[in-house]
Amino acid sequence: MDKIRIVGGKPLEGTVRISGAKNASLPDVCAALLTDEPIVLDNVPEVRDIRTMGRVLSQLGCDVAFRTGGSVELRAGTLNSVEATYDLVKTMRASVLVLGPLLAREGRARVSLPGGCAIGARPIDLHLTALEKMGAEVSVERGYVEARAPRLRGAEIHFNTVTVTGTENIMMAATRADGVTVLHNAACEPEVSDLADMLTAMGAQIEGAGTPTIRITGVDRLKGARHRVIPDRIETGTYVVACAVAGGDIEVQQCHPEHLRSTIEKLRETGIRIEEGPNNLRVRAPRQIKAADVTTLPHPGFPTDMQAQYMVLMSQANGACRVTESIFENRFMHVAELQRMGADVRVDGRTAFVRGPSALSGAQVMATDLRASACLVLAGLAAEGETIVDRVYHLDRGYYRIDEKLRGLGADIERLET
Ligand code: EPU
């Protein structure tokens with residue numbers, strides 16, 4: 001298993017280009033199942049989760065070709081299976097996103113239940129109840145969800161919790177349902193809007209994506225399309241924090257500042273100087289970082305996917321603050337590793353109390369999920385001496401070549417291949 005070695009203390013300088021959004025590409029790839037015509041997606045990041053989703057679709061009989069330069073060509077001419085198997089779903093929960101499209105197109109689907117994961121229990125009950133409301137018969141047998149519906153029908157769906165992939169799954173299912181579906185308390189994340197844009201290009205009728213109420217009028221068929229995936233807002237925020245904790249002055253290119261409004265505002269509150277262009281950010285590290293409380297919330301609030309990175313920033317801030325995780329019940333696994341590096345963090349329930357600034361020292365660390373791993377890389381940039389981050393495959397799931405990108409900014413970082 002590869003490791004990443006970082007020697008901290010080098011300020012960052014230069015430019016970094018942001019890749020396409022992983023969490024937009026995942027549902028976009030699944031949307032290809034809704035038509036037998038060709039789909040081309042551009043600006044797809046070549047990260048492990050996207051490869052895994054490619055394998056899920058290949059198993060169903062969809063042709064999937066990754067081209068150099070970040071394009072993926074998909075064609076679900078005829079499907080030879082409606083099953084997403086445990087061996088793939090267990091490695092990536094987002095595989096559940098094939099459920100809606102398969103049911104809409106084939107009238108049935110069999111998808112392994114994802115089970116718990118490193119950041120919490122993460123059930124998919126809201127996806128299933130919504131499909132039942134649309135007329136599907138859903139049962140859970142031997143660890144698999146089995147769903148059937150000769151034709152889904154439009155329905156009023158009220159999500160009692162905001163769910164990103166739930167909204168995406170049901171939006172996809174509704175594009176080919178009979179009649180109108182209205183999603184209430186829908187997720188407003190930019191990735192949901194990106195999927196709606198792609199589905200619209202395929203001929204779907206969708207209004208209100210990006211707001212809590214989405215109205216989808218089902219159509220009989222969808223056609224092929226070409227779609228460019230939005231930039232990754234979490235990768236963007238991660239590089240902004242990298243610059244702040246390492247020190248320096250960088251330009252983050254090919255990003256979409258509007259998609260990370262609350263992140264930018266919160267990071268400015270901590271003293272980071274951020275100038276916005278239409279598709280770029282100039283970031284200058286402050287001399288002193290200020291402590292500021294944060295609570296994660298659904299979009300447009302501060303994203304849970306930035307919480308671990310923000311905690312590293314706060315470990316370097318002057319003063320004490322509270323970091324509250326309101327989306328997932330168990331997303332503080334990075335804390336123990338940060339403590340080993342010298343951070344002063346105490347967790348009480350869903351809140352972490354962070355007191356800074358702490359002089360971090362390099363250590364051998366590892367994490368069990370993507371964003372926690374990113375946080376350890378950032379801690380390594382801020383630490384004195386050498387940090388070895390183990391289990392790099394977590395980073396490779398969602399960050400395109402993070403070691404190369406940081407090295408391009410002047411960080412002393414290398415991948416140790418084993
Ligand atoms: N929830 C339920 N029942 C459901 C669905 C969700 O109780 O049927 C709960 C979850 O347990 C959680 C909350 O609702 O407490 C929100 O979960 P959500 O469904 O929104 O999460 P998700 O769709 O599984 C996506 C991202 C995550 C990101 C969350 C929150 C993708 C592929 N994944 O997950 O991204 O943290 O939304 O924004 O889009 C990551 O990229 O590192 C990552 C984990």
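Highlighted here are the helices (runs of 4 or more DSSP H) found entirely within segment 340-418 that include at least 2 residues which are within 16 Å of the ligand (Cβ to nearest atom): 370-382, 393-398. Listed by position, the strands (runs of 3 or more DSSP E) inside segment 134-187 whose residues that are within 26 Å of residue 327 (Cα to Cα) number at least 3 are 156-158, 180-184. The set of residues in segment 194-253 that are touching a Ser or Thr at 6+ places or on another chain (Cβ under 7 Å), surrounded by fewer than 23 Cβ atoms within 10 Å (Cβ to Cβ) and either at pLDDT below 95 or not in a loop (DSSP other than H, G, I, E, B) (or both) comprises 205, 206, 251, 253. When each of 88, 79, 128 is tested for being within 17 Å of residue 27 (Cβ to Cβ) and either within 16 Å of the ligand (Cβ to nearest atom) or not β-branched (Val, Ile, Thr) (or both), the lone residue that passes is 88. Within segment 271-308, track down each residue that is within 16 Å of the ligand (Cβ to nearest atom), more than 15 Å from residue 353 (Cα to Cα) and touching a Cys at 6+ places or on another chain (Cβ under 9 Å). If the condition is that a residue be within 16 Å of the ligand (Cβ to nearest atom), more than 15 Å from residue 353 (Cα to Cα) and touching a Cys at 6+ places or on another chain (Cβ under 9 Å), then 298, 299, 300 are the ones that fit. Among the strands (runs of 3 or more DSSP E) confined to segment 254-336, the ones with at least 2 residues that are at negative phi and acidic (Asp, Glu) are located at 273-276.
Just to be sure, is residue 179 farther than 19 Å from residue 76 by Cβ, among the small types (Gly, Ala, Ser) and touching a strand residue (DSSP E or B) at 6+ places or on another chain (Cβ under 7 Å)? Criteria met by residue 179. Residues of segment 17-39 that are away from the ligand (no atom under 16 Å from the Cβ) and either at positive phi or acidic (Asp, Glu) (or both): 36, 37.
In segment 79-93, the count of residues that are under 26 Å from residue 405 (Cα atoms) and surrounded by fewer than 24 Cβ atoms within 10 Å (Cβ to Cβ) is one or more. The condition (being out of contact with any Lys or Arg (no Cβ under 9 Å at 6 or more places or on another chain) and either over 22 Å from residue 255 (Cα atoms) or within 13 Å of the ligand (Cβ to nearest atom) (or both)) is satisfied by just one residue among 54, 14, 69: 54.
Consider segment 18-76 and keep the residues that are in a helix (DSSP H, G or I), in contact with a strand residue (DSSP E or B) (Cβ under 7 Å, 6 or more places away or on another chain) and of a type in the set (A, V, I, L, M, F, W, C). The one that is surrounded by the most Cβ atoms within 10 Å (Cβ to Cβ) is 32. Can you find a residue in segment 179-186 that is within 18 Å of the chain's Cα centre (by Cα), crowded, with 17+ Cβ neighbours inside 10 Å, within 12 Å of the ligand (Cβ to nearest atom) and touching a residue at least 60 places away in the same chain (Cβ under 8 Å)? No, segment 179-186 contains no residue that is within 18 Å of the chain's Cα centre (by Cα), crowded, with 17+ Cβ neighbours inside 10 Å, within 12 Å of the ligand (Cβ to nearest atom) and touching a residue at least 60 places away in the same chain (Cβ under 8 Å). For segment 270-292, what are the residues that are touching a helix residue (DSSP H, G or I) at 6+ places or on another chain (Cβ under 6 Å) and without any contact (Cβ under 8 Å) to a residue 12 or more places away in the chain? Selection gives nothing. Restricting attention to segment 91-125, and to residues there that are within 22 Å of residue 148 (Cβ to Cβ), free of Cβ contacts under 8 Å to residues at least 40 places away in the same chain and not in a helix (DSSP H, G or I), which single residue is nearest to the ligand (Cβ to nearest atom)? Within segment 91-125, the match that is nearest to the ligand (Cβ to nearest atom) is 123.
The values are calculated or read from the model by the stated rules, or taken from the named source; none is laboratory data. It should be emphasised that the depicted structure is a prediction, and the values quoted were computed from it without experimental measurement. Reconstructed Cβ throughout: ideal geometry from the backbone, glycine too, with neighbour counts over all protein chains shown.
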